[in-house]
1. Based on what the data block shows, is A163 in contact with a Ser or Thr (Cβ under 8 Å, 6 or more places away or on another chain), outside any strand (DSSP E or B) and within 30 Å of I55 (Cα to Cα)?
2. Working only within the stretch 166-179, note down all residues that are of a type outside the set (V, I, T) and either assigned to a loop (DSSP other than H, G, I, E, B) or at pLDDT below 95 (or both).
3. Would a scan of the stretch 168-175 turn up a residue that is aromatic (F, W, Y), surrounded by fewer than 15 Cβ atoms within 10 Å (Cβ to Cβ) and either touching a residue at least 24 places away in the same chain (Cβ under 8 Å) or in contact with a Cys (Cβ under 6 Å, 6 or more places away or on another chain) (or both)?
4. I need the full set of residues from the stretch 124-134 which are surrounded by 17 or more Cβ atoms within 10 Å (Cβ to Cβ), not aliphatic (A, V, I, L, M) and not in a loop (DSSP other than H, G, I, E, B), in order please.
5. Within the stretch 191-207, track down each residue that is under 15 Å from F168 (Cα atoms), open to solvent by 60 Å² or more (accessible area, probe 1.4 Å) and in a loop (DSSP other than H, G, I, E, B).
6. Here are some residues: A86, A92. Which one is assigned to a strand (DSSP E or B), open to solvent by less than 50 Å² (accessible area, probe 1.4 Å) and touching a Leu at 6+ places or on another chain (Cβ under 6 Å)?
7. Given the criteria out of contact with any Ser or Thr (no Cβ under 9 Å at 6 or more places or on another chain), surrounded by fewer than 20 Cβ atoms within 10 Å (Cβ to Cβ) and on the phi < 0 side of the Ramachandran plot, does G66 qualify?
8. Test of understanding: among D53, D63, which residue is in a helix (DSSP H, G or I), of a type outside the set (V, I, T) and in contact (Cβ under 8 Å) with a residue 40 or more places away in the chain?
Amino acid sequence: MLYLDPLTLDRYGLQPQEMIDLRESQKNSPDYAFIWLGEPLSQVDNAILNRDDLIQAFNRKGDYSGAWEVGVDVARFGQDRTVFVARKGLCAMSMQVWTHKSLTEQASLLKEFVSSMDEPRIKIDETGVGGGLVDICKAEGMDVVPVNFAQSAKDSDRYPNAASEMWFDFQKILPEVGLEGVYDHYAELMPELSQRSWTFDARGRRVVEQKS
């Protein structure tokens, strides 16, 4: 079965303007995601990010003062995706998604992605194949910061690893975050952001559950 969400229909000019206007008028409705995007009415109790807060963030421009920073999630062939996201301050500015690209191709695409930005700082997930992209980009003279999500958290009494700490840090600032700049990717990002859950580890620390 092929499912086409309203945002995809917009992208290809297949949505009547009357429907677009009606949908836009209901963006702040608590049932918006259910009515217009086919998402369930409720979340699991242990979701990290509140869906209503996320809907507001996707409709918020945010404060984009500050330096350019780019986050890179690396994949290599297979079904996974390589993702570039640029932000300034608390505002997501743009996003690109790639599949089936070699590390050298990804380095070239990343260099092009940041070409119009003033001294961007690039944070790359170095887990797995990401370490190879870090090396290539450094050799190209880019300002790269390797990120290892499995490393110890800064507050190791509350979180077992950096990934868990980052998710909960993001939860704290979400009411100020602006995701309007990546609204075109709402259909992909909303489930990934709103369905990530957490639990306690043996020491009573909050830990993000695996994607699976």
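The values are calculated or read from the model by the stated rules, or taken from the named source; none is laboratory data. The model shown is predicted, which means the values in this text are computed figures rather than measured ones. Neighbour counts are summed over all protein chains in view; Cβ atoms, including those assigned to glycine, are modelled from backbone coordinates with ideal geometry. In case anyone asks, the SASA skips ligands and DNA or RNA and just uses the protein heavy atoms, side chains included. Shrake-Rupley method; radii C 1.70, N 1.55, O 1.52, S 1.80 Å.
1. no
2. Matches in the stretch 166-179: L179 only.
3. Checked the stretch 168-175: at least one residue is aromatic (F, W, Y), surrounded by fewer than 15 Cβ atoms within 10 Å (Cβ to Cβ) and either touching a residue at least 24 places away in the same chain (Cβ under 8 Å) or in contact with a Cys (Cβ under 6 Å, 6 or more places away or on another chain) (or both).
4. Across the stretch 124-134, the qualifying residues are D125, G130, G132.
5. The one that is under 15 Å from F168 (Cα atoms), open to solvent by 60 Å² or more (accessible area, probe 1.4 Å) and in a loop (DSSP other than H, G, I, E, B): Q195.
6. Criteria check complete, one pass: A92.
7. no
8. D53
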